[in-house]
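K.L.:
Structure incoming, see below.
Since every read-out is calculated from the coordinates, none of them should be taken as a lab result. Only a predicted model underlies this, so the values are computations on that prediction, with no experimental measurement involved. Positions of Cβ are backbone-derived with ideal geometry, glycine not excepted, and every protein chain shown enters the neighbour counts.
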Amino acid sequence: MVDPSELYMANASLLDDARLHGAPLLISLTGYAEGGQISDQVRETLLESLPHEVLARFDPDQLQDYRARRPHVRFVEDHFERAENADLALYGLTDSLGRPFSLLTGPEPDLQWNRFVEAVIQLAQRLDTSIVMNVTGVPMPVPHTRPFLVSVHGNRTDLVEQNHNQRPVAEMSSSVAQQLEIRFGEVGMDTIGFTVHVPQYLADARLPQITVAAFEHAAAATGLTLPTDALRDSGAEVLHRVDEQVAAAPEVQAVIESMENRYDELTAQAPQRSLLAGDESELPDADEIGAAVEAFLANQPDEE
């Protein structure tokens, strides 16, 4: 394997700063299982709210397939301008109480996954990272009218067992973040992941409350104080608008009521049950969910 360190430009002085050593690492990458736009919200909320510096920036020319995921440009009157694209970078941050942590965020690589994983391992080991957290949002047949379920995974069995009494088994296509979780475990580093269950009919919407759920779990695992006030306020507004749209669409109400019944039954049987795998025979089928999505989107106002 070609030296993984050649994938990124490092700020050596910051990577060697003792204040960041032993701090937790939060991973949130776009491109996979990002229901509710959770990865964009994690990046924007943390980088806009907390002091931060770039520890390492990855080279997009080595990791991105531009023809598969073309960079955006902007046409302004008579010329083209570059549109802002999110960097894939490792940041050092401090929370509102001055406690340090690091954040790996940006687009999931298209290429060289094995080298990228090893590069991130190198950086985390250099920082003597205490625990690695991954947060994602996956579309699921759950209603927006109930508390968001969160599947917890990783090798920190003490934390996982606090959140789950079920042991489902499932096979799925992989993400880089999942590969990182596996590899971190292989090298003996602690990992914990939080997958928020996002209502399928709102999977493409921006749902601040799912980011709140992810931050609450991350804070409980690490003691960090993460910014949620603005997310809670905007999340309440989003849910209010969704409820208005649902009230005007009886076909959507029927599907959501079916989801509510199934949700209540499952949580009554096993309050911490994961829906990532298991019996879905009583859940709305794909046609019902698809019809609900189409009806819901048809009633959405145009974005300004």
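K.L.:
Just one of Gln62, Gln37 is surrounded by fewer than 17 Cβ atoms within 10 Å (Cβ to Cβ) and in a helix (DSSP H, G or I); which is it?
P.N.:
Every option except Gln62 fails the conditions.
K.L.:
Any residue in the stretch 220-248 that is surrounded by 19 or more Cβ atoms within 10 Å (Cβ to Cβ) sitting within a Cβ distance under 8 Å of a residue that is among the acidic types (Asp, Glu) and outside any helix (DSSP H, G or I)? List the pairs, counting only those 6 or more apart or interchain.
P.N.:
The qualifying pairs are Leu224/Asp95; Leu226/Asp95.
K.L.:
Going through the stretch 16-32 one residue at a time, which ones are of a type in the set (A, V, I, L, M, F, W, C), surrounded by fewer than 21 Cβ atoms within 10 Å (Cβ to Cβ) and either under 17 Å from the mean Cα position of the chain (by Cα) or within 15 Å of Ala214 (Cα to Cα) (or both)?
P.N.:
Result: no residue meets the conditions.
K.L.:
Could you go through the stretch 127-142 and let me know if any residue there is touching a strand residue (DSSP E or B) at 6+ places or on another chain (Cβ under 9 Å), over 29 Å from Pro4 (Cβ atoms), of a type in the set (A, V, I, L, M, F, W, C) and part of a loop (DSSP other than H, G, I, E, B).
P.N.:
Within the stretch 127-142, one or more residues are touching a strand residue (DSSP E or B) at 6+ places or on another chain (Cβ under 9 Å), over 29 Å from Pro4 (Cβ atoms), of a type in the set (A, V, I, L, M, F, W, C) and part of a loop (DSSP other than H, G, I, E, B).
Listed here are the residues, each with its yes/no results for (1) buried (at least 17 other Cβ atoms within 10 Å of the Cβ); (2) among the hydroxyl-bearing types (Ser, Thr, Tyr); (3) free of Cβ contacts under 8 Å to residues at least 40 places away in the same chain; (4) over 26 Å from Gln64 (Cα atoms).
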{"position": "Val117", "(1), (2), (3), (4)": "yes, no, no, no"}
{"position": "Ile121", "(1), (2), (3), (4)": "yes, no, no, no"}
{"position": "Gln125", "(1), (2), (3), (4)": "no, no, no, no"}
{"position": "Pro141", "(1), (2), (3), (4)": "yes, no, no, yes"}
{"position": "Thr145", "(1), (2), (3), (4)": "no, yes, no, yes"}
{"position": "Phe184", "(1), (2), (3), (4)": "yes, no, no, no"}
{"position": "His197", "(1), (2), (3), (4)": "yes, no, no, yes"}
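K.L.:
Still on this structure: The conditions are (1) charged (D, E, K, R); (2) in a helix (DSSP H, G or I); (3) under 19 Å from Tyr32 (Cα atoms), and Asp204 fails exactly one of them. Which is it?
P.N.:
So the condition that Asp204 fails would be (2).
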